[in-house]
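Below: one structure, written as structure tokens.
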Amino acid sequence: MEKQRFASQLEQATSPDGAVNLKVLEDLVVDVYEHAERDRRSADQANGFNIDSKVIRTALSFGIAIYPQDGSDAETLMINADAALSRAKRDGRGSLRFFEAEMDKQQRERTTLQHELGSAIERNELKPFYQPLARIDGEITGFAAKSTQAA
């Protein structure tokens, strides 16, 4: 989709007073998604492209937050669109997800847990250990974090 056409359609979806025409916006989202699907099919048909003798395949995923129901300011909309994008990526290649309140709850819970774990480590309440993950041939492929309560 050309940038000018996208910008024109986006402009049509909003009025000068900030009201959003959801039908026009919905049509725009459908156009973007269909365009992405065509690109994905084209890439799949072309079997990707090669970089350093490795085949690279791409897919687009979309996370969408709509003003005002998903946020009343740009920062909130971006955070919520990111939460929807994360869910779309988990759903698989070429997915599109609209923001849902449950996503916000899950994101807040995940952020709270990360903060609490970090604080517990700083207070020496947990002692992290890192166990290497290796293939059968001995190549290290990553690490698993383990923890015990500090004495």
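Derivation of every value follows stated rules applied to the coordinates shown; laboratory data play no part. Bear in mind that the values here come from a model prediction, so they are computed numbers and not experimental data. Here the Cβ is made from the backbone with ideal geometry for all residues, glycine too, and neighbour counts use every protein chain on show.
Computed quantities for the displayed model
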item: Ordering of 126-135, 98-107 by burial proxy (mean other Cβ atoms within 10 Å per residue, highest first); result: 98-107, 126-135
item: Check: the range 57-151 dipole with +1 on Lys, Arg Cβ and -1 on Asp, Glu Cβ, in debye; result: 420 debye
item: T112-F143 pseudo-label distance in nm [points 7 Å out on the Cα-to-Cβ vector]; result: 2.9 nm
item: Using θ = phi - 60° and Karplus 6.51 cos²θ - 1.76 cosθ + 1.60, couplings along the range 94-102 (whole Hz; Gly, Pro as x); result: x, 8, 10, 10, 8, 4, 10, 3, 4
item: For L96, distant residues with modelled amide H under 5 Å away; result: F62
